[in-house]
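Quick notes on the structure that follows.
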Amino acid sequence: MRSHIQLSSEGAQIVESNRTIRDKKGDSLLELPNSFTIIDIETTGLDPRFDEIIELSAIRVINGEEVKTFSELVKPDYSISNFIKELTGITEEMLSEADTIDSVLPRYLNFIGDDIVVGYNVHFDVNFIYDNTIKYLNNSFENNLIDVMRFAKLLIKDSKNHQLKTMAEYFSIDYDNLHRGLEDCKVTFFLFKELRDTINEQFKNETDFLKRQQQGLKSAHITTDITEFDEDNPLFQNNCAFTGTLAHMARKEAYQIVKDLGGKPQDNVTKKTNYLILGDTDYSKVKDGKSRKLKNAEKYQLEGLDINIISEQVFYDIINV
DNA sequence: TCTCCTCGAGATCT
DNA sequence: CTCGAGGAGA
């Protein structure tokens, strides 16, 4: 397949086969600022290379308060599909009176300024804006961004998926016209607030959550409210490490269960390890099919240390699941 | 123990 | 794109 290279003086957008590189795109931040601009766009499809923008919407938020909104329809070059008509409720007739992208986009970018842009799966919107800014204005869109979906996935585990609609229902957020720009901005704004509250409920404070997220999953972060333990449980006061992916729970949940039983979850196998639980390690990258943790455990076992290498199923039996 | 890298799996936007 | 997991090297 031949590559199509498209170069521009500002914010080079290189289209190679079916992959697009946007080298001046802003950073994706895991932050909770008080001032930002919520964005949402409607398009004629999912692919920025072929599809067009038909609505640009935004809400300016300062110190947590909505202060201004922007929402304009955009007249596309080509007609829109029935699917999009159904999805958004936007008709050809509505679009026929709208301005074209080259005149609406500058107003939109002016409204956004250099604010951090916040959105749901915000990369989708930013990619369209980025490409259209190059194409029509020969300029780049470098604003940093915050993806609310990222927070949703990190915080909401008991949900069938993380679509905006599902999350809105999860938090009982009302919406009248989902898939219209401004309405989706409002839902995203409420959702962002709810997720911030969730963080404050589940963690000491916001920075505590953000710091942990950066550091990744550490067994030392797992805490328990339980004060009285069953001292007969095999895990009680014992060090437990895991290797591989567990079939029935996340590593984090397993750590929590160990902690709740009075055991001590570990990130690595050490000479103090008492149990190594084997998950699925059928990875091509694991040499000999044995992870470093398993190799260490076997080594220590040969040295006569009290370390039990057990299967995932035995672990479930011990914890009574 | 830590920091950074690589890789595969899974999901969302219109 | 993001995350989780293992690996390598300091």
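Remarks
- The helices (runs of 4 or more DSSP H) found entirely in the stretch A:97-159 that carry 3 or more residues being under 17 Å from A:Ile54 (Cα atoms) are A:101-112, A:122-137.
- Residue check for A:Leu191: in contact with a helix residue (DSSP H, G or I) (Cβ under 7 Å, 6 or more places away or on another chain), within 27 Å of A:Leu30 (Cβ to Cβ) and more than 16 Å from DNA strand C (Cβ to nearest atom): yes
- Residue match in the stretch A:89-105 (condition: surrounded by fewer than 16 Cβ atoms within 10 Å (Cβ to Cβ) and β-branched (Val, Ile, Thr)): yes
- Qualifying residue in the stretch A:253-263 (condition: among the hydroxyl-bearing types (Ser, Thr, Tyr), touching a Ser or Thr at 6+ places or on another chain (Cβ under 8 Å) and at pLDDT 75 or above): yes
- Exactly one residue out of A:Leu56, A:Leu30 is of a type outside the set (Asp, Glu), part of a loop (DSSP other than H, G, I, E, B) and either touching a helix residue (DSSP H, G or I) at 6+ places or on another chain (Cβ under 7 Å) or exposed (fewer than 12 other Cβ atoms within 10 Å of the Cβ) (or both), and it is A:Leu30.
A quick yes/no check of all residues on (1) among the hydrophobic types (A, V, I, L, M, F, W, C); (2) under 21 Å from A:Leu32 (Cα atoms); (3) within 16 Å of DNA strand C (Cβ to nearest atom):
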site	(1), (2), (3)
A:Pro106	no, no, no
A:Asp114	no, yes, no
A:Val117	yes, yes, yes
A:Lys135	no, no, no
A:Asn161	no, no, yes
A:Ser172	no, no, no
A:Asp176	no, no, no
A:His179	no, no, no
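- One residue stands out in the stretch A:156-165 among those that are within 24 Å of A:Glu31 (Cβ to Cβ) and within 9 Å of DNA strand B (Cβ to nearest atom): the one that is surrounded by the most Cβ atoms within 10 Å (Cβ to Cβ), namely A:Leu164.
- Of the residues making up the stretch A:52-74, those that are closer than 19 Å to A:Arg180 by Cα, in contact with a strand residue (DSSP E or B) (Cβ under 6 Å, 6 or more places away or on another chain) and without any contact (Cβ under 8 Å) to a residue 60 or more places away in the chain are A:Ile54, A:Arg60, A:Lys68, A:Phe70, A:Glu72, A:Leu73, A:Val74.
- For A:Leu178, the stated conditions do not hold, so it cannot be described as modelled with pLDDT of 95 or more, more than 17 Å from the chain's Cα centre (by Cα) and surrounded by fewer than 21 Cβ atoms within 10 Å (Cβ to Cβ).
- Selection of the stretch A:221-254 for residues being exposed (fewer than 12 other Cβ atoms within 10 Å of the Cβ) and closer than 30 Å to A:Leu30 by Cα yields A:Thr223, A:Asp225, A:Ala247.
- All positions within the stretch A:265-293 that are modelled with pLDDT of 75 or more and closer than 23 Å to A:Pro234 by Cα: A:Pro265, A:Gln266, A:Asp267, A:Asn268, A:Thr273, A:Asn274, A:Tyr275, A:Leu276, A:Ile277, A:Leu278, A:Gly279, A:Lys293
- Residues located in the stretch A:306-319, provided they are without any contact (Cβ under 8 Å) to a residue 60 or more places away in the chain, surrounded by 14 or more Cβ atoms within 10 Å (Cβ to Cβ) and not in a strand (DSSP E or B): A:Ile307, A:Val314
- Identity of the residue in the stretch A:132-155, aliphatic (A, V, I, L, M) and touching a residue at least 40 places away in the same chain (Cβ under 8 Å), that ends up nearest to DNA strand B (Cβ to nearest atom): A:Ala152
- Residue match in the stretch A:237-249 (condition: assigned to a loop (DSSP other than H, G, I, E, B), at negative phi and not aliphatic (A, V, I, L, M)): yes
The values are calculated or read from the model by the stated rules, or taken from the named source; none is laboratory data. What you are looking at is a predicted structure, and each value in this text was computed from that prediction instead of being measured. Please note: Cβ atoms are built from the backbone with ideal geometry, for glycine as well, and neighbour counts cover all protein chains shown.
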